[in-house]
Protein chains: 2
Amino acid sequence: MNGAECLLRTLLANEVDLCLMNPGTSEMQFVCALDRVPGMRAVLCLFEGVCSGAADGYARMLAKPAATLLHLGPGLANALANFHNARKARSPVVSLVGEHATQHLLYDAPLSSRIEAFARTVSGWVRVLERADQIGAAAAAAVQASFGPPGQVATLIVPADYSWSPAGEPGPAAPRPVRHAPDSAAVREAARILSSGQPAGLLLSGSALLARGLRASGRIAAATGARVFADRFGARLERGAGLFAPVLVPYFPEAAEAALAGLKHLILVEAQPPVSFFAYPGRRSCVAPEDCAFHVLASAEEDGAAGLEALSQECAAGGFSAPLAGPARPELPHGLPLTAGAAGRAIGALLPEGAIISDEAVSSGGDIWPHLAGAPPHDHLPVSGGSIGHGLPAALGAALAAKGRKTIALEADGSGMYTLQSLWTMAREGLDVVAVILANRRYRILEIEMRRTGAPAIGPLASGMIDIGRPDLDWVKLAAGMGVPAARALTADEFIAAFAVAMKESGPRLIEAVIA
Amino acid sequence: MNGAECLLRTLLANEVDLCLMNPGTSEMQFVCALDRVPGMRAVLCLFEGVCSGAADGYARMLAKPAATLLHLGPGLANALANFHNARKARSPVVSLVGEHATQHLLYDAPLSSRIEAFARTVSGWVRVLERADQIGAAAAAAVQASFGPPGQVATLIVPADYSWSPAGEPGPAAPRPVRHAPDSAAVREAARILSSGQPAGLLLSGSALLARGLRASGRIAAATGARVFADRFGARLERGAGLFAPVLVPYFPEAAEAALAGLKHLILVEAQPPVSFFAYPGRRSCVAPEDCAFHVLASAEEDGAAGLEALSQECAAGGFSAPLAGPARPELPHGLPLTAGAAGRAIGALLPEGAIISDEAVSSGGDIWPHLAGAPPHDHLPVSGGSIGHGLPAALGAALAAKGRKTIALEADGSGMYTLQSLWTMAREGLDVVAVILANRRYRILEIEMRRTGAPAIGPLASGMIDIGRPDLDWVKLAAGMGVPAARALTADEFIAAFAVAMKESGPRLIEAVIA
């Protein structure tokens, strides 16, 4: 068995059975082995950032890694921005990168580069294979490392000659690291704070944002009066009717400070102290009150949901009910102009249960967000690392992970352009993904941010750099060019009609919602 | 004057007057300053890899840097693949990357990353600003560093608060480093070898591939019988009727070894010893004969063209004429099926003088290449670092550099997808670029390479990973979606008609040549 086959068999033995790839010559032995070793779903992407973003979306839904297969340093380079998002989401990913054959490394061939240096920028674990017979053990170690905890990108760099050389037996099924519940002292301390009478809150991230953690948080809130907040950049938030809804920490620092005002204690559950997305002249970075003390119930390495359940018990909150009187499901916005808010109302009204929302709506997101609160239970995946070009690939990966569920990518026209190649893979794989492009023909968020950084009036040249019209992007044509059926909506009614069809039918589809 | 304005003024004082950008919040002060400080051409790209590839194409044509302006680590990450190509082409580029405000670096905000680590993978010079008042001097130093020699990517990382803080005076117009002619001992040694009677050759790269070096090489070849070769990955080759044509070192090692067979001496002129692009089982990486000795006439730091002129003089070759009897201009391929060769003949027959060809035709390139030899003089820009996604951005940058000249991107359908966002900027800027997409619906090169790496028969799953049909890409729609008029050609006559119109009219245009 050659190294490529050994690698493939080791991945499968470790239940890594999806490989998102954009391979080159150095990876051809691995590709060739797909036909000899059954069990790996191989998905081709036409740009590497699609592979890494999809692996992130997949990991968020299944809490296990997909593999990515990329070509040398430059192929990995194209994947780094979305690996950055995966890193911030603590998503497990096994990143396989081909390298030149070892004897070729003595020469400065055109594609030679320091792959390890590229890899270290985003990976929590990197190994460069030094012998062909290490390949099985190293691949098993990579899978294990990807789980952390917390999850991380584990990169294995595989020289081409090790792929084509004999490599011995596949590696073992490595044990999966366990996430431990927080120790009881941390739970007791949190309970003491919540019963102290001082204004206190919980800030949830990671697994604490899933239903189990939310239910426990709701009981705690009901029993103790604690305010419960959610990290807006957590990997995955379960949301919708019947679920306790924590307050999302707002994006801009003024609103975030207002939301957190008055707190004397903030108990962190797999979360970091809350910080502004960007810094601005004369503002603090931390958005919690200056006299707010931070306490850790569960670190990112620990099981925050288990910690919340223990805390609920410690607070004797078992008999309390979470306050669930959330907003009603919105009415369809018939007869209105098409705005982000109107699109949000239509989506909230029509969303099916179990939908997955990959949210990269950027400046339109705030107007959509409240309208989804009353929709049936669904998952919400944000851009955890703030690196643009995540929404479409993450939707692709989520759809690969969660068959039978409708996936919706809420995209802006600006952010969608970074990794629009995702649409082709959605078409090839026949995935049930609906991309909603909120087209305002601008980098609207930058218009807002420009003023916030203290810049004086925006002149015509500056305006040209945040205007992405001239020419307008035609997303219907872009989608059709990659095999995805698409429609354009200019009014709320057109959007309702297109979105209703998309919810009823299966398969990839794009709706350009012109909200300019 | 704040730091952003100081930075902008320093660039202009150093004749850096083009900035290719995809800015974010941290860079908004720079964008805003564009309206206060006249003289900078600001060009917006919708993906960062377009910025870096365009800066490379621009530098190859003008031998001076453009600036790129990118947003934090992930923005830089998206540019790295084409910066890799710039690095290998020794192109000067001033890469400006915004960083969070310094006080914000204490917190692990979502977009926080180690920007310097990203930058070092491709940059020969990196500086992280440590005080606002360094900005002028540092920017001048970055421009100076970009020139090398040899040229390199010089990255300056600018925290947002230094952009909005007072920063003192702009930096000076820094002296440009001089490329020295090789010393006379190297010239005499090369002349001694060429007169030794042993089989000897010259291998040209860098500036030796421009007209001045080619003319001198032609005289040397005529006078001494030396065989003259060109690095196929050199940044820019001047080519066409009336120019001496060195032999391009072939891509595959068997052909390269055959081309170089018999040489006892190879004299390197800004070139490295010739090496195979990839390694293969049982083959040497170096493609020169094992008993071939290498000699350096000019290093990459030196002026190879001056070295060749000195060598021509030393060989008393002044009275000799380069052998110019190249191939005649091809006939138009009327009535033929559309193949890469037929497209090449049409291009060779219709190419105007002074055209610039950005060549990322990959597996179609070899069939096009010979037909351009007899065309009027033109420039040929290859993918120097082998990193795919270079052809369209480099064409964009070359067109920005060389007004009044027709630029042609020879693209494959696979490679074109990595940075297709280039088309939008071509449309916005009204650039005179014609993108020819050679659509074979496959990663054809990988089909060839897969067999070469010793892989056995290609099964259906492996075949699916090199097949980029299912669905076919529709490049006419993709182009139209970004505002570029496009046509599809299915026969040689349709291609001739479309290409003839494109040569006559000005402005961006795309031709999908279906050669499947």
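The values are calculated or read from the model by the stated rules, or taken from the named source; none is laboratory data. Bear in mind that the values here come from a model prediction, so they are computed numbers and not experimental data. With ideal geometry, Cβ positions are generated from the backbone for all residues, glycine too; neighbour counts draw on all protein chains shown.
One residue alone among B:Gly262, B:Gly344 is of a type in the set (Gly, Ala, Ser) and assigned to a helix (DSSP H, G or I), and that residue is B:Gly344. Count of the stretch A:286-318 residues, restricted to those that are touching a residue at least 24 places away in the same chain (Cβ under 8 Å) and either of a type in the set (Gly, Ala, Ser) or assigned to a loop (DSSP other than H, G, I, E, B) (or both), is 22. Examine the stretch A:185-192 for a residue that is under 30 Å from A:Val247 (Cα atoms), at pLDDT 95 or above and touching a Cys at 6+ places or on another chain (Cβ under 6 Å), and state whether such a residue exists. Looking through the stretch A:185-192, at least one residue is under 30 Å from A:Val247 (Cα atoms), at pLDDT 95 or above and touching a Cys at 6+ places or on another chain (Cβ under 6 Å). For the stretch B:464-479, check the following and say yes or no: at least one residue is without any contact (Cβ under 8 Å) to a residue 12 or more places away in the chain, touching a Leu at 6+ places or on another chain (Cβ under 9 Å) and either in a helix (DSSP H, G or I) or of a type outside the set (A, V, I, L, M) (or both). Scanning the stretch B:464-479, I find at least one residue that is without any contact (Cβ under 8 Å) to a residue 12 or more places away in the chain, touching a Leu at 6+ places or on another chain (Cβ under 9 Å) and either in a helix (DSSP H, G or I) or of a type outside the set (A, V, I, L, M) (or both), so the answer is yes.
Is it true that B:Ser463 is closer than 27 Å to B:Ala230 by Cα and either aliphatic (A, V, I, L, M) or within 11 Å of chain A (Cβ to nearest Cβ) (or both)? No: the conditions fail for B:Ser463. For the stretch B:117-131, does any single residue satisfy the condition of being aromatic (Phe, Trp, Tyr) and either on the phi > 0 side of the Ramachandran plot or surrounded by 24 or more Cβ atoms within 10 Å (Cβ to Cβ) (or both)? Within the stretch B:117-131 (the criterion being aromatic (Phe, Trp, Tyr) and either on the phi > 0 side of the Ramachandran plot or surrounded by 24 or more Cβ atoms within 10 Å (Cβ to Cβ) (or both)), the answer is yes, since at least one residue qualifies.
Take the residues in the stretch B:77-105 that are over 28 Å from the mean Cα position of the chain (by Cα) and facing another protein chain (nearest Cβ under 7 Å), then tell me which one is surrounded by the fewest Cβ atoms within 10 Å (Cβ to Cβ). Per the criteria, the residue is B:Gln103.
Please specify each residue of the stretch B:263-311 satisfying the condition of being within 14 Å of another protein chain (Cβ to nearest Cβ), over 27 Å from A:Gly98 (Cβ atoms) and among the hydrophobic types (A, V, I, L, M, F, W, C). Result: B:Leu268, B:Phe294, B:Ala300. Out of A:Leu311, A:Leu338, one residue alone is touching a helix residue (DSSP H, G or I) at 6+ places or on another chain (Cβ under 7 Å), crowded, with 21+ Cβ neighbours inside 10 Å and within 19 Å of A:Gly201 (Cβ to Cβ). It is A:Leu311. Any residue at all in the stretch B:380-390 that's assigned to a helix (DSSP H, G or I) and either within 14 Å of chain A (Cβ to nearest Cβ) or in contact (Cβ under 8 Å) with a residue 40 or more places away in the chain (or both)? Taking every residue of the stretch B:380-390 in turn, none turns out to be assigned to a helix (DSSP H, G or I) and either within 14 Å of chain A (Cβ to nearest Cβ) or in contact (Cβ under 8 Å) with a residue 40 or more places away in the chain (or both). Screening B:Pro159 against (1) farther than 20 Å from A:Phe277 by Cβ; (2) within 13 Å of chain A (Cβ to nearest Cβ); (3) of a type outside the set (Lys, Arg) leaves a single unmet condition, (1). Filtering the stretch B:478-508 to residues that are of a type outside the set (A, V, I, L, M), within 22 Å of A:Arg441 (Cα to Cα) and out of contact with any strand residue (DSSP E or B) (no Cβ under 8 Å at 6 or more places or on another chain) leaves B:Gly481, B:Gly483.
Where strands (runs of 3 or more DSSP E) sit wholly within the stretch B:151-247, those with at least 3 residues that are among the hydrophobic types (A, V, I, L, M, F, W, C) occupy B:153-159, B:200-204, B:227-230. The set of residues from the stretch B:480-511 being in contact (Cβ under 8 Å) with a residue 40 or more places away in the chain and within 8 Å of chain A (Cβ to nearest Cβ) comprises B:Met482, B:Gly483.
Can you tell me which residue is farthest from the chain's Cα centre (by Cα) among those in the stretch A:373-432 that are β-branched (Val, Ile, Thr) and farther than 23 Å from A:Ile445 by Cα? Applying the filter and picking the extreme gives A:Thr425.
Test A:Phe499 against the stated conditions and say whether it is within 25 Å of the chain's Cα centre (by Cα) and either in a helix (DSSP H, G or I) or acidic (Asp, Glu) (or both). Judged against the criteria, A:Phe499 is a match.
Being crowded, with 24+ Cβ neighbours inside 10 Å, of a type in the set (Asp, Glu) and either within 27 Å of B:Ala355 (Cα to Cα) or in contact (Cβ under 8 Å) with a residue 60 or more places away in the chain (or both) narrows it down to one residue among B:Asp56, B:Asp17; which is it? On inspection, the qualifying residue turns out to be B:Asp56. Within the stretch B:29-42, the residues that satisfy the criterion of being facing another protein chain (nearest Cβ under 9 Å), buried (at least 24 other Cβ atoms within 10 Å of the Cβ) and within 29 Å of the chain's Cα centre (by Cα) are B:Val31, B:Leu34. With respect to the conditions (1) more than 22 Å from the chain's Cα centre (by Cα); (2) outside any helix (DSSP H, G or I); (3) in contact (Cβ under 8 Å) with a residue 60 or more places away in the chain, B:Glu449 lacks only one, and its number is (2).
Residues in the stretch A:48-75 that are closer than 26 Å to A:Arg176 by Cα and over 14 Å from the mean Cα position of the chain (by Cα): A:Ala67, A:Thr68, A:Leu69, A:Leu70.
When we screen A:Ser146, A:Ser123, A:Ser163, A:Ser91 for residues that are small (Gly, Ala, Ser), over 24 Å from A:Ala401 (Cβ atoms) and in contact (Cβ under 8 Å) with a residue 40 or more places away in the chain, the only hit is A:Ser163.
Of all residues in the stretch B:396-421, those being more than 11 Å from chain A (Cβ to nearest Cβ), within 19 Å of B:Gly481 (Cβ to Cβ) and either of a type in the set (Ser, Thr, Tyr) or surrounded by fewer than 24 Cβ atoms within 10 Å (Cβ to Cβ) (or both) number 0.
Hey, can you tell me all the residues within the stretch A:422-460 that are facing chain B (nearest Cβ under 9 Å) and not hydrophobic (A, V, I, L, M, F, W, C)? Those that are facing chain B (nearest Cβ under 9 Å) and not hydrophobic (A, V, I, L, M, F, W, C): A:Arg428, A:Tyr443, A:Glu449, A:Arg451, A:Arg452, A:Thr453, A:Gly454, A:Pro456, A:Gly459, A:Pro460.
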